[in-house]
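Everything below concerns the one structure shown next.
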2 protein chains.
Amino acid sequence: MTAEIVTAAMLIIGDEILSGRTKDRNIGHLADIMAAIGIDLKEVRIVSDDENDIASAVNALRARYTYVFTTGGIGPTHDDITADSISKAFGVACEYDPKAYRMLEQNYMNRDLEFTEARKRMARMPVGADHIDNPVSLAPGFRIGNVHVMAGVPAIFQAMLDNVVPTLKTGTKLLSATVECPFGEGVIGGPLGEIQKAHPDTIIGSYPKYLDGNFWTELVARARTQDALDAAVAEITAMVASLKATA
Amino acid sequence: MTAEIVTAAMLIIGDEILSGRTKDRNIGHLADIMAAIGIDLKEVRIVSDDENDIASAVNALRARYTYVFTTGGIGPTHDDITADSISKAFGVACEYDPKAYRMLEQNYMNRDLEFTEARKRMARMPVGADHIDNPVSLAPGFRIGNVHVMAGVPAIFQAMLDNVVPTLKTGTKLLSATVECPFGEGVIGGPLGEIQKAHPDTIIGSYPKYLDGNFWTELVARARTQDALDAAVAEITAMVASLKATA
């Protein structure tokens with residue numbers, strides 16, 4: 001069986017993250033979902049609300065990865081420039097999408113609210129984009145090419161992503177297993193490196209933890225088959241047992 | 001008075017963030033510190049443990065921003081490849097730094113611990129780099145050119161950053177003020193955009209909040225002089241008051 005690799009990148013658009021005002025809560029969520037469905041998240045970028053910066057980041061990422069997921073900047077205010085920036089990246093016009101316009105117009109009419117110019121902005125998207133449904137607050141995200149454009153508010157981002165996930169091609173999942181190790185990296189670094197060399201198709205990571213003046217490590221193996229994972233974990237477990245016996 | 005602009009980018013090196021295993025806690029900290037000292041954090045990238053990806057990200061970022069801060073990948077295990085990758089980016093050799101080597105050697109000797117090959121790895125850095133002291137666990141980070149290379153473990157990253165901050169050139173701080181607004185973006189989008197147009201040197205952001213089925217917003221003005229900030233905040237406050245009066 002040949003493992004199928006599907007990759008993704010995330011682009012977070014927002015001065016508020018870079019200024020420290022808002023602490024990101026979307027990276028971890030996307031990373032968890034991607035790992036669960038078998039897509040390798042390979043890169044994340046956070047850029048400010050600048051049309052050129054957004055467009056060039058989108059173009060760099062969409063050329064390199066299977067999928068790009070963006071968050072932020074699709075609301076109705078002047079600093080919401082994602083639709084324009086993505087249109088620029090794809091070289092297409094940014095216009096009112098007729099279906100989105102009618103849906104929003106009808107919604108505000110039903111609620112006896114004015115369909116303001118600001119609200120109309122939420123119907124703008126690159127010509128040719130498909131909608132990503134927004135069950136929380138109606139105004140849709142959109143997909144154009146391999147780029148999925150979603151909201152930055154975590155509750156809306158998560159709901160939009162739930163709608164996107166079933167449409168994605170997925171690859172062979174990276175299975176993972178963790179071995180807790182009571183030794184620091186200086187002790188295990190040598191033997192763990194040998195195990196990595198013996199298992200080139202398995203990704204072995206060492207994550208140092210520091211608590212109350214002591215170092216310990218979480219050793220994580222990731223592989224695309226259960227057999228490969230089990231083989232690496234057996235060697236890591238044996239290494240930890242051997243170190244305990246001689247400690 | 002001309003505002004002095006100093007910029008920075010952050011590069012996070014680590015598969016563990018991209019896989020979702022570890023949730024990042026360093027972006028928010030760096031963003032807060034940069035805002036506090038008057039450096040504009042303009043971009044963040046997270047890349048995997050791949051030498052070419054790290055080197056090309058470092059080169060892209062160091063050419064564009066005043067400072068680059070990296071976290072992760074400077075420990076003693078096989079997956080700690082940051083020193084090699086940064087050396088590659090700068091086109092210099094990665095070697096044992098004599099001062100770091102002696103310091104670590106002495107430390108392990110004093111603690112009656114073997115100075116293993118893995119531990120020796122922590123003394124490797126690009127030729128010509130300066131140390132960044134590590135008061136938590138001794139093994140230093142390093143600075144080469146405008147790139148500051150620090151640990152990913154939050155307690156160590158924070159301690160290293162504390163040592164770096166006094167060495168940085170800082171710019172005119174972005175002062176900020178927040179106006180809480182009980183209206184959603186669809187209501188305020190139009191008038192807020194007009195205020196932004198009238199205050200081109202002030203960055204006005206609208207951050208939608210969604211709670212229990214209701215939208216409200218935090219309106220944040222950021223400027224490099226108190227006068228500019230006060231003028232924008234006065235207009236935003238008047239706008240909110242006017243909307244309340246007619247609601």
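The values are calculated or read from the model by the stated rules, or taken from the named source; none is laboratory data. What you are looking at is a predicted structure, and each value in this text was computed from that prediction instead of being measured. All Cβ positions, glycine included, derive from the backbone under ideal geometry; neighbour counts span all protein chains shown.
So, of the residues in region B:171-180 that are of a type in the set (A, V, I, L, M, F, W, C) and more than 11 Å from chain A (Cβ to nearest Cβ), which turns out to be farthest from the chain's Cα centre (by Cα)?
This residue is B:Val179.
Could you tell me whether B:Asp79 is at negative phi, under 23 Å from the mean Cα position of the chain (by Cα) and modelled with pLDDT under 95?
In short, yes.
Whether any residue in region A:204-224 is in a strand (DSSP E or B) and under 30 Å from B:Ser206 (Cβ atoms) is what I want to check.
There is no residue in region A:204-224 that is in a strand (DSSP E or B) and under 30 Å from B:Ser206 (Cβ atoms).
Which strands (runs of 3 or more DSSP E) sit wholly inside region A:98-150 and have at least 2 residues that are touching a strand residue (DSSP E or B) at 6+ places or on another chain (Cβ under 9 Å), away from chain B (no Cβ under 12 Å) and hydrophobic (A, V, I, L, M, F, W, C)?
Details: elements: A:124-126, A:130-134, A:138-144, A:147-150.
Once the strands (runs of 3 or more DSSP E) in region A:98-150 are filtered for at least 2 residues that are touching a strand residue (DSSP E or B) at 6+ places or on another chain (Cβ under 9 Å), away from chain B (no Cβ under 12 Å) and hydrophobic (A, V, I, L, M, F, W, C), what remains is A:138-144, A:147-150.
Considering each of B:Ala159, B:Ala89 in turn, give the residue that is small (Gly, Ala, Ser), in a helix (DSSP H, G or I), within 14 Å of another protein chain (Cβ to nearest Cβ) and out of contact with any Leu (no Cβ under 7 Å at 6 or more places or on another chain).
One residue alone meets the criteria, B:Ala159.
All but one of (1) in contact (Cβ under 8 Å) with a residue 12 or more places away in the chain; (2) farther than 26 Å from B:Ala55 by Cα; (3) more than 8 Å from chain A (Cβ to nearest Cβ); (4) of a type in the set (A, V, I, L, M, F, W, C) hold for B:Ile188; which doesn't?
(3)
Just for helices (runs of 4 or more DSSP H) wholly inside region B:11-77: which have at least 1 residues that are at the interface with chain A (Cβ under 10 Å from one of its Cβ atoms), crowded, with 23+ Cβ neighbours inside 10 Å and touching a residue at least 60 places away in the same chain (Cβ under 8 Å)?
Result: B:15-18, B:26-37.
Of everything in region B:183-224, what is modelled with pLDDT of 95 or more and surrounded by fewer than 16 Cβ atoms within 10 Å (Cβ to Cβ)? Give them in sequence order.
B:Glu194, B:Lys197, B:Ala198
Please go through region B:1-10 and give me each residue that is assigned to a loop (DSSP other than H, G, I, E, B) and within 18 Å of the chain's Cα centre (by Cα), ordered by number.
B:Ile5, B:Val6, listed by residue number.
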